[in-house]
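Inspection log for the structure reproduced underneath, given as structure tokens.
The values are calculated or read from the model by the stated rules, or taken from the named source; none is laboratory data. These numbers were taken from a predicted model, which means no experiment stands behind them. Here the Cβ is made from the backbone with ideal geometry for all residues, glycine too, and neighbour counts use every protein chain on show. Calculation scope for accessible area: heavy atoms of the full protein, side chains included, ligands and nucleic acids excluded. Shrake-Rupley method; radii C 1.70, N 1.55, O 1.52, S 1.80 Å.
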Amino acid sequence: MGVMDAIRGAFSFLGSRSQTEERIAQYLVREHHRGRPVQDILHDHYVTNRCTPDQIRRMLERPEVLHALGEDLVLETKATI
């Protein structure tokens, strides 16, 4: 293992997303496609028990979430968090 590999490994967490955030993002998109409003989904106990408001804001900035929900809807939702 080289020095660069060691440095990359030590700081790999900076660019990674948590598994919890991945699951919540999938849940958000899935429930929205089923017709539920984003605000209702974000107030589900499943979301509020697993994510802080900062984590939710970060999740709403993810490109795949923006695309799935619509950028206008996400900006509106972030303003209320």
**OP:** Being over 19 Å from LEU75 (Cβ atoms) and among the acidic types (Asp, Glu) is the filter here, so list the residues in segment 33-52 that pass it.
**Re:** ASP44
Original post:
If you check ARG36, ARG62, ARG58, which single one turns out to be open to solvent by 100 Å² or more (accessible area, probe 1.4 Å) and not aromatic (Phe, Trp, Tyr)?
Top reply: ARG58
Subject >> Number of positions in segment 34-76 that are outside any helix (DSSP H, G or I) and of a type in the set (Lys, Arg) >> reply: 4
